[in-house]
Structures are given as structure tokens and as C-alpha cells.
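Quick notes on the structure that follows.
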Amino acid sequence: MSRIPIALRSVIFAAAIVAAAALCIVELGGRPAGRPSSPPELRAKNHTLSLTLHAGVASDGRNSFYFNGQPNAPTLRLSPGDQLKIIYVNDLPAKPPEKCLAGPCMDMTNLHFHGLTVSPDAPQDDVLTMLAMPGKRLAYTVQIPKDHPPGLYWYHTHPHGESYRQVLDGMSGAIVIEGIESYFPALVGLPERVMVVRGRSVGKDAQSAELKERVDLSSDVCGGEREPPEEVMTVNGFVRPQIAIAPGERQFWRIVNASADRYVDLQVEGQTFEIVAMDGMPIARHDPDHRTRSANHVSLPPAGRLEAIVTGPSTGAHRLISHCVDTGPDGDPNPAMVLADIVPQSTADSPAKTARNSLKPEFKSLDVAAEEKASPRFTVIFTEDKNGFYVNGEKFAVDAAPMVRAKVGSYQHWKIVNATGELHPMHIHQVHFLPYAENDKPIADPVWLDTVNVPFGGTVDVIMDFTDPVIRGMSVFHCHLLNHEDKGMMAKILFE
């Protein structure tokens, strides 16, 4: 595919009739009216999923993934044991007109397969040495282990120094590892929706006021933020779409917060979430006697994922909303807004249903009490000042030695300290962990995650699972506010 020229920035509003399984009313960025809201789904055949993905510039001037010549990111569906092969072509401009957070943009790019328990070495989930400059390409071959947990994962760009701009523009997509119904059979036959929630910058947008009004952007300040909000949230690229669900109908929703730097605190008005998995990890895998959790609302930091059953409201108008999140006195504004409207429909018009899979569930009932009581094996300290963001007093450097080494085959108690005045979500590549204490107080009903929110001026204690023999090599952990990661809040870890 030839390089896509930068067109005049435009935002087009289009009204469309909701079709079967549709989630759309308004779409932005010059795309045609009535386009189905869900991105294309690609499924592995003969245990292999192969595709070519391009990085280019969309008609509105934002960076975008391109698949089959169209600006979108397909949902990738694989099973444990499958192989994912991606040829990733960088068609971004050789001389980008923008400036990045840490200096001039170079439009280098790559891919990170967030949450997958795969090798950090090339040609798999390597974000350190696999980088493509404009005009170059990368060849990924990612082997999904046969015992990989089923659930929702995602992929996004991860070039240090340019991650924030590319992910903010929407360079991300969903990955589904099949078989979650083996851990919770009640999912079989339920209509399934995959929703990629992204932040959309409107600070310089000509329709900024209209967009903020459309999502009922709250003017309330729930924290100490002094700046005006400059982002609205989209669902699969749409601003305040419709989600169709019949009254009393149960649907399986898989939601990823693919925002570069914004939290969502999700609630379906008048309903509860029956949570099946968080961050791609089925709750039943570690707690087979209590396979779900129930919650009125669920807070997802950037990169967090929720998989839950939602029941259609009985009558009246209902909405999927995000509550205001207090990000701290030094944090960015994270106001309440409407993500989507819930509208009734007949069950005959439901999306595709969850099928039964032959996967046999593997349960890991762990006794980590001894490790919880032991002193931390490693302490992560997040700090910041006017010159940047730091892990244990150091800014990330590509040529730096690993800050910590982890022996494969062990569980480790880590303590994460947030010595700043704003929230920081901590993510480690390849690994899930159990957060069991916040501010030295036990967390009720803890679940395994790969990204955890660390309260400003506070701490979180976690048990890291370093037992997977597949995960060996150099990897990273970082704050998943990608503007912080780009400015230095990342460090290396060597799995050995």
C-alpha cells in the first residue's frame, strides 16, 4: 500500500439506522454514514492467523492502522496453541509535522500484544528492539501457548517517545483468546459484544463544543484538576453510539479501555455487571468456587479490560456512562460523560452468540499467603517533577541495564509506591499479578490483573507470577498513562 496523504482535517457527523448488531449513530473522521460499528473480525484457520497491517494517516490527519486499505483495526480471534503472524508496514510520513512529548516525532512504530503471556523476544512481543521507521516493515510471529488463559487482550503501538500520540490517535485493536466459556459455561449462547473504548482529543477540534455537549460532558470537578477537559470517549470509534439489547436479555460484553491516558468508571444505569474476567484473566481460573463478581460499576485504568454479563434494562431510557474519576491534585481532568445509549431491540437482532469451545479449563488455586507476609522482593517508586517522570529515580533509557531481574519459576511480592500527586496505573508486560493490599490494607475479593491503579500518595502490594517458562528475556514495566511512559516512567526487567 502506498503512503496515505494527509488530508484536510475534518469531522463528519452522519446519522444512520441501527442495523443488526450495530452500535452506531454518529461516526467521526470522515468515514461513511451507516458503517458497522464493530471492526472486522479475523479468525485463525488451521491454527494460524496471518494478516498485513499498515500504519498510515487517516483523512482527519490522525495516525491510524489500515487493514485492507481501510482505516480500522481488526479484532483478532485466536485459540490457545494458535500462531499469530503480522506483517506490519510503516506508511507514516518520513517528516511528520508534529512534535512528540520527548522531542521531534520520527514516526517510528511497532506493536505490543498487551497482556499476552508470550515471549518478550523478537519476533514476538518485543517493544525494545523491534522498531520500524517510515518505509520499513516488521514481521511478527507470536506463538500463543497451549495453556494460555482465554479472555480479552489488545494490541497497540509501543515506540518509546511516540506511544502516547499514536495510541491517542486510535492505533489499537482487540485480541480475543477463545474458550472463556469453559471457565463459565453460562456464557454459551449469549450474544457477545467487543467494545474498544478510546479517548478522542477535542482540544483543537472545530466541533469541540458540540462533541462535549453530545456526551453530556460534566462540568463537575471531582478532584483538584485545574485544566479544562479536552477528551471525549468513543466506543469502537463512535461518539455516543447506541447499544441494542432487549429488555431482560443477557449479553456478554468485552470492554477494553484503549485510552492513552484516561480512566473510565463504567456503569449501565439501573443494572449490575456480572464480572467473568478482568484483564483477560477468568476469575474462575484462580477461584473456581466463586467464578464471578457482581458490581454496580467498574473502574478501568488505561489498558484495563472488563468481561461481564449485562442484562437489558426493562423500561425507559438507559445509558452506559463513565463516572468522574479523581486523578489527584496534579492529575488530568477525567470528568463524567455518556459513552453510549442503551436501546431496546428484539432478541432476533442480537449479535453473534458465544459458541461452545472444546478447551479444557486449567485451574490455579494458589496459596500465596507466605509471600504476602514476606518483605517485598522489589519496590517500584513512581516520582515526577517538571523535567519528567521516573521509576526509582531513573528515567527510561533504551541502552540501560535491567533495573530488576526475575527468576523464572517464582512468585514475588512487589510493592508499588506512588510518591506523586496523581494516579499512576502500573503495567508489566507478559505477566499477571494479584494486588492484595492498598495503602497496607487488604483488598476485598482481589482478582488477577496486568494493570493496577496506584493511588496518589499511596501504595499497592502485589504478588507477581513469574512461573511461566515461556517468558524469558528482556521486558519492561511502566506507567500506562502513556504520556508519562514517553517521558521516562518505564524500566527494564530481565526474566531469566
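The residue of segment 150-199 that is surrounded by the most Cβ atoms within 10 Å (Cβ to Cβ), among those that are among the basic types (Lys, Arg) and either closer than 23 Å to Asp261 by Cα or modelled with pLDDT under 95 (or both), is Arg165. Condition check for Leu366 on (1) touching a His at 6+ places or on another chain (Cβ under 8 Å); (2) at pLDDT 90 or above: one failure, at (2).
Screening segment 148-186 for residues that are among the hydrophobic types (A, V, I, L, M, F, W, C) and in a loop (DSSP other than H, G, I, E, B) and picking the one that is farthest from His47 (Cα to Cα) gives Met171. Any residue at all in segment 412-428 that is of a type in the set (A, V, I, L, M), surrounded by fewer than 21 Cβ atoms within 10 Å (Cβ to Cβ) and either touching a Leu at 6+ places or on another chain (Cβ under 7 Å) or farther than 26 Å from Leu306 by Cβ (or both)? Checking segment 412-428: at least one residue is of a type in the set (A, V, I, L, M), surrounded by fewer than 21 Cβ atoms within 10 Å (Cβ to Cβ) and either touching a Leu at 6+ places or on another chain (Cβ under 7 Å) or farther than 26 Å from Leu306 by Cβ (or both).
Taken over segment 328-387, the residue count meeting the criterion of being part of a loop (DSSP other than H, G, I, E, B) and in contact with a Lys or Arg (Cβ under 8 Å, 6 or more places away or on another chain) is 8. Just a yes or no: is a residue in segment 89-107 in contact with a Gly (Cβ under 6 Å, 6 or more places away or on another chain), over 30 Å from Leu359 (Cα atoms) and not in a strand (DSSP E or B)? Yes, some residue in segment 89-107 is in contact with a Gly (Cβ under 6 Å, 6 or more places away or on another chain), over 30 Å from Leu359 (Cα atoms) and not in a strand (DSSP E or B).
Among the residues of segment 232-274, which ones are closer than 28 Å to Tyr183 by Cα, touching a residue at least 40 places away in the same chain (Cβ under 8 Å), over 17 Å from the mean Cα position of the chain (by Cα) and part of a strand (DSSP E or B)? Within segment 232-274, Ile243, Ala244, Arg250, Gln251, Phe252, Gln267, Val268 meet the criteria. For segment 453-474, enumerate the residues that are closer than 19 Å to Gln124 by Cβ and part of a strand (DSSP E or B). Listed by number, the residues that qualify are Asp465, Phe466, Gly473, Met474. Just to be sure before I move on: is Asn453 closer than 26 Å to Pro333 by Cβ, in contact (Cβ under 8 Å) with a residue 12 or more places away in the chain and surrounded by 21 or more Cβ atoms within 10 Å (Cβ to Cβ) in the structure I sent? Yes: the conditions hold for Asn453.
The values are calculated or read from the model by the stated rules, or taken from the named source; none is laboratory data. These numbers were taken from a predicted model, which means no experiment stands behind them. Note: ideal-geometry Cβ built from the backbone for every residue, glycine included; neighbour counts use all protein chains shown.
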